[in-house]
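First up is the structure itself, then whatever we jot down about it.
The values are calculated or read from the model by the stated rules, or taken from the named source; none is laboratory data. Predicted model only: the values in this text are computed from it and were never measured. With ideal geometry, Cβ positions are generated from the backbone for all residues, glycine too; neighbour counts draw on all protein chains shown. Just the protein is used for accessible areas: all its heavy atoms, side chains included, with ligands, DNA and RNA removed. Shrake-Rupley method; radii C 1.70, N 1.55, O 1.52, S 1.80 Å.
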Amino acid sequence: MDENITAVKDAPVAEPKSHPVTININGQQHQLLVQPWVTLLDALREKLDLTGTKKGCDHGQCGACTVLVNGKRINSCLTLAVMQNGKEITTIEGIANGEMHPMQQAFIKYDAFQCGYCTPGQICSAIGMLQEGHATNREEVKELMSGNICRCGAYSNIVEAIMDVKEGGQYE
Amino acid sequence: MQQKYIGQPVSRVDGEAKVTGSAKYAAEFNVPKLRYGYVVNSTIAKGKIIKINLERAMAVQGVIKIYTHENRPSTAWLSFNYADMDAPPGKPFVPMHNNKIVYNGQPIAMIVAETFEQARYAASLVTVEYDKEEHESDLHAHLTEARLPKKGLATLLKPGPPKPKGEAEKIYEASPVKAAGTFVHGIEHHNPMEMFASTVVYEGEKKLTIFDKTQGTINCQLYVANVFGLPFKNVRVISHYVGGAFGSGLRPQYQLFLAVMASLDLKKSVRLSMNRHQMFTFGHRPATVQKTKFGANDVGKIQAINHESIGETSQFEDYTEIVVNWANMLYPSPNTKLQYKLKPLDVASPMDMRAPGGATGLHAVEVTIDELAYQAKMDPVDFRLLNYTDMDQTTEKPYSSKELKECFKQAADKFGWKNRNPEPRSMRRNHKLIGWGIATGIWEAMQLPTRAEAVLTADGKLTVSSATSDFGTGTYTVMAQIAADCMGMDLADVSFKLGDSDMPFAPISGGSFTAASTGTAVQAACLGLRKKLLKKAQKMVAAFTEAEFDDIDFTDSGLHLKNNSGPPLSYREIVAATKEKTLKSKNMGWPNAMKQRKFTRATHSAVFVEVEVDEDFGIVKVTRMVTAVAAGKILNPKTARSQILGGMVWGISKALREESVMDHRFGKFMNDSLAEYHLPVNADINDLEVIFVEEDDKIVNDLGIKGLGEIGLVAVPPAIANAVFHATGKRVNDLPITMDKVMDYASPLV
């Protein structure tokens, strides 16, 4: 306890300085002034009102916050907004292009969700995974989708949806 | 003829909102000038706060106020004002009530700041000095102190065990065939993917709109109004989407209390979200220790059932669940002794968690039955069929319907059970031991009074609403299906709204009773609307004037005379002719108590599991599972299948993965994160199959709905445990069945 009290005694109380960043989000350029302690996830949800990206743990343990940065899937809670200068980010809001993306349609068709909270992360992760090109069969899809937890237990339907999109040929 | 939707695999009507990210959850309503809260939790389990040092935290730029027990605004004085619809007997926990610490992790301070980051940082600078007292948190160290639970309102829905019959202990001792076991369950936390959050929008003096994560908007509305002395109509609680709950949303959680408190005090809108560690600082499935002693005669008929359970509760509430009542509902026995006791500990009050009590009790019951079948040298399916009953012996009432035998038949065929070698350790695949196990499931089919309103507008659209919830259960979809069928309309013209305390009354949503309760209400509202439509039609068109209600078909969005004595009249025309251009009916869906009371109403399941056990590492893998469910009418086979699949994943998790492990030196959970609280991931889930054996049951309700939320889970842990026994020849009765326990028992090397 005493140790703790000493530790906080000299802790800074002034806010950290903001930095300008330019990020392309869902095809649109955003010029933001952000403090270095703001994660990409919080910037999306709290500053840009892009709440489709979900916070499930804030520790990179659940995958609910998965977005695509320059086409690669990452946990947006584990990166800071100030590190995204010049990057191209796609969130669930930017996945559809006029009509719903085949992955979004497949998730509905196969009922690959229940509460829907992990769903944006699952869909971004699935699209990112297929772009990576490592998954050749169901077992590999299951393994490579294991960073996205679904507490409702929709896993088998998620795999069905992904396999349908994969076998539909969009990613060959 | 109008298409019928009930029974069709309709895709979720809320699907598009969920896959495009437009579905908004409690922490996602961004209103202007929102302030952010962040909670500081206690780090001791029992004692008093001597001092909370706030100076450094207060100095952080952007911090507006810090609340503790010393400065919090006063709230209701009497304990009953804090009791929500699901409160167990006792005194509900009141956050920051005084300087007393009653469990580790209890909220003791809340920062409110202009940004989330400021509040979170300031919270890290709060230090606390405590006067620590000795705590008790280990159930196993205090089993002898267990006592009978207190009774209260909540116990009406959760009756205690029935009185003993005959001489169960003596008959057990004298039985030629016996099985007994001690079953240990650790604590589990619900851990829905969405963390608890409340966005409280300050609408002016004593008026709030609250976006909350809850399984009951009206429950939270009443709680907030009672605690803060606000008029009910000034408190609106909205919860359109809930990111999973599994029971955790049945009671208002502390973030609601604290966010409302700050909002009223500061006259500002406030958001307070829990973090994942804080998701381990309120209700949980309680730790339990169960003992069973079952005896059968020499032909395998059960003669004695002894089942006792000791569960933990908090020091301030007696949380109970139905753990020991199930065995005698499933298996007739002339002698029974069922006991249920509690031991209060210095922990948060336990809460209902998916299939509360059932998921716990049936593990002990169904593993003991499996062992009894082995002792009787009978196949476990045959043994269950020999002891089958259509009568619930605990109430001496027949089941309103029970297609469990058919479940066994269909699941056994699908699984290929006839190819099983009953000998433990007899089946192998490559280097792995293979085990096949089964279990039976049961859950009650309840129904509670619920209201709904149906509104037709001149554009020919129907909107039905009720303040119930959909946390992934499919309520939005199946209620729209019911309404479309009742009104004879296209599903595209029908929408169902929920999750708003301004809507007609619905109780908390749980216990598998929502579909039956809300479904009956929707049907009642549509029936009311049909009567009003006919009344209007009688004034408009001569052919309808003499018509009785039963002379009309309500189909294709209109009234059709069955005898074709005149042209049909569309809903659109009728509504257009009204002054208000709308036609409404609000009705209560009552359970038919006269019909129901002569029967026991329940769902049943038969679960067949295959496991692979790696002998060198003790790793258990569920390679395939077939669940057959008898649960009345299946409204939507697509969403229903998903609900059962979810229950099966929960069963795998309960049997093999999840447990909140406490360090009793501190009374604190050690694995309070999603990295260390093990849940199944995609790679853990293999071949799962669901079979529905439909029942035509008009006793439960007109629509024949029984409910599906719990039945998918209850039989899975024992079926897995029985499969592990078949694979290894050893019983691991201590859940979860982790590799260390399997190695101790199973490996010939150890």
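What the table shows:
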{"read-out": "Set B:Ile49, B:Ile6: member being farther than 30 Å from A:His101 by Cα, at pLDDT 95 or above, surrounded by fewer than 23 Cβ atoms within 10 Å (Cβ to Cβ) and more than 10 Å from every other protein chain (Cβ to nearest Cβ)", "value": "B:Ile49"}
{"read-out": "Residue list for the range B:526-551, filter: open to solvent by 10 Å² or more (accessible area, probe 1.4 Å) and within 19 Å of B:Lys4 (Cα to Cα)", "value": "B:Leu527, B:Arg530"}
{"read-out": "First in the range A:128-157 and away from chain B (no Cβ under 12 Å), second anywhere and among the β-branched types (Val, Ile, Thr) and assigned to a helix (DSSP H, G or I), Cβ under 9 Å, 6 or more apart", "value": "A:Leu130/A:Val141; A:Leu130/A:Ile162; A:Leu130/A:Val165"}
{"read-out": "Output for the range A:113-152, where each listed residue is over 22 Å from B:Val242 (Cβ atoms) and assigned to a loop (DSSP other than H, G, I, E, B)", "value": "A:Gly133, A:His134, A:Ala135, A:Thr136, A:Asn137, A:Met145, A:Ser146, A:Gly147"}
{"read-out": "Test: B:Gln61 is more than 24 Å from the chain's Cα centre (by Cα), more than 10 Å from chain A (Cβ to nearest Cβ) and assigned to a loop (DSSP other than H, G, I, E, B)", "value": "no"}
{"read-out": "Residue in the range B:320-338 that is part of a strand (DSSP E or B), of a type in the set (D, E, K, R) and in contact with a Pro (Cβ under 6 Å, 6 or more places away or on another chain) present", "value": "yes"}
{"read-out": "Residue among B:Arg276, B:Arg271 that is surrounded by fewer than 24 Cβ atoms within 10 Å (Cβ to Cβ), of a type in the set (D, E, K, R) and within 13 Å of chain A (Cβ to nearest Cβ)", "value": "B:Arg276"}
{"read-out": "Any pair with Cβ under 8 angstrom, 6 or more apart, that starts in the range B:366-387 at a residue that is assigned by TED's automatic domain parsing to the domain that holds B:Ala719 and ends at one that is part of a helix (DSSP H, G or I) and open to solvent by 40 Å² or more (accessible area, probe 1.4 Å)", "value": "B:Ala373/B:Asp382; B:Met378/B:Leu386; B:Pro380/B:Tyr374; B:Leu385/B:Lys405"}
{"read-out": "Single match in B:Ala27, B:Ala76 (criterion: more than 13 Å from chain A (Cβ to nearest Cβ), more than 30 Å from B:Val693 (Cα to Cα) and open to solvent by less than 30 Å² (accessible area, probe 1.4 Å))", "value": "B:Ala76"}
{"read-out": "Residue in the range B:137-152 that is over 20 Å from B:Ser309 (Cβ atoms) and either surrounded by 13 or more Cβ atoms within 10 Å (Cβ to Cβ) or not polar (S, T, N, Q) (or both) present", "value": "no"}
{"read-out": "Spans of strands (runs of 3 or more DSSP E) in the range B:124-241 with at least 3 residues not assigned by TED's automatic domain parsing to the domain that holds B:Gln339", "value": "B:127-132, B:197-202, B:208-212, B:235-238"}
{"read-out": "The range A:75-100 residues that are more than 13 Å from chain B (Cβ to nearest Cβ) and at pLDDT 95 or above, paired with ones that are surrounded by fewer than 17 Cβ atoms within 10 Å (Cβ to Cβ) and not in a strand (DSSP E or B) (beta carbon under 6 Å, 6 or more apart)", "value": "A:Lys87/A:Asn70; A:Glu88/A:Asn70"}
{"read-out": "Looking only at the range B:635-679, and only at residues there that are assigned to a loop (DSSP other than H, G, I, E, B) and facing chain A (nearest Cβ under 7 Å), the one that is most open to solvent (accessible area, probe 1.4 Å)", "value": "B:Ala675"}
{"read-out": "Set B:Gly21, B:Gly15, B:Gly37: member being modelled with pLDDT of 95 or more, surrounded by 20 or more Cβ atoms within 10 Å (Cβ to Cβ), assigned by TED's automatic domain parsing to the domain that holds B:Ile210 and of a type outside the set (D, E, K, R)", "value": "B:Gly37"}
{"read-out": "Condition broken by B:Val690, with the remaining ones in (1) hydrophobic (A, V, I, L, M, F, W, C); (2) assigned to a loop (DSSP other than H, G, I, E, B); (3) open to solvent by 10 Å² or more (accessible area, probe 1.4 Å) satisfied", "value": "(2)"}
{"read-out": "Checking A:Cys115 against (1) more than 11 Å from every other protein chain (Cβ to nearest Cβ); (2) closer than 23 Å to B:Trp650 by Cα, the condition it does not meet", "value": "(1)"}
{"read-out": "Of the criteria (1) within 11 Å of chain B (Cβ to nearest Cβ); (2) without any contact (Cβ under 8 Å) to a residue 40 or more places away in the chain, which one A:Cys62 fails", "value": "(2)"}
{"read-out": "Selected residue (only one of B:Pro591, B:Pro567 is in contact with a strand residue (DSSP E or B) (Cβ under 9 Å, 6 or more places away or on another chain) and in a loop (DSSP other than H, G, I, E, B))", "value": "B:Pro567"}
{"read-out": "Condition check for B:Glu710: within 14 Å of chain A (Cβ to nearest Cβ), in contact with a strand residue (DSSP E or B) (Cβ under 8 Å, 6 or more places away or on another chain) and more than 23 Å from B:Ala602 (Cβ to Cβ)", "value": "no"}
{"read-out": "Inter-residue pairs, beta-carbon under 8 Å, first within 30 Å of B:Met351 (Cα to Cα) and not assigned by TED's automatic domain parsing to the domain that holds B:Leu372 and in the range B:296-315, second open to solvent by less than 10 Å² (accessible area, probe 1.4 Å) and assigned to a strand (DSSP E or B), 6+ apart", "value": "none"}
{"read-out": "Residue match in the range B:570-580 (condition: open to solvent by 10 Å² or more (accessible area, probe 1.4 Å), within 14 Å of chain A (Cβ to nearest Cβ) and outside any loop (DSSP other than H, G, I, E, B))", "value": "no"}
{"read-out": "Members of the range A:139-155 found to be touching a helix residue (DSSP H, G or I) at 6+ places or on another chain (Cβ under 6 Å), closer than 28 Å to B:Thr473 by Cβ and surrounded by fewer than 22 Cβ atoms within 10 Å (Cβ to Cβ), listed by number", "value": "A:Lys142, A:Ser146"}
{"read-out": "B:Ile66 vs. criteria within 14 Å of chain A (Cβ to nearest Cβ), more than 26 Å from the chain's Cα centre (by Cα) and either surrounded by fewer than 17 Cβ atoms within 10 Å (Cβ to Cβ) or in a loop (DSSP other than H, G, I, E, B) (or both)", "value": "no"}
{"read-out": "Neighbours by Cβ (under 7 Å, 6+ apart or cross-chain): first from the range B:671-691, of a type in the set (Phe, Trp, Tyr); second in a loop (DSSP other than H, G, I, E, B)", "value": "B:Tyr677/B:His189; B:Tyr677/B:Asn191; B:Tyr677/B:Glu658; B:Tyr677/B:Asn671"}
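Okay, residues lined up against (1) more than 14 Å from chain A (Cβ to nearest Cβ); (2) of a type in the set (D, E, K, R); (3) surrounded by fewer than 22 Cβ atoms within 10 Å (Cβ to Cβ):
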residue: B:Asp696; (1), (2), (3): yes, yes, yes
residue: B:Pro718; (1), (2), (3): yes, no, no
residue: B:Ala723; (1), (2), (3): yes, no, no
residue: B:Thr738; (1), (2), (3): yes, no, yes
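Here is a yes/no grid of residues against (1) under 30 Å from B:Val367 (Cβ atoms); (2) free of Cβ contacts under 8 Å to residues at least 60 places away in the same chain:
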residue: B:Ala146; (1), (2): yes, no
residue: B:Pro149; (1), (2): yes, no
residue: B:Val177; (1), (2): yes, no
residue: B:Ala180; (1), (2): yes, no
residue: B:Val184; (1), (2): yes, no
residue: B:Phe232; (1), (2): no, yes
residue: B:Arg236; (1), (2): no, no
residue: B:Phe257; (1), (2): no, no
residue: B:Val260; (1), (2): no, no
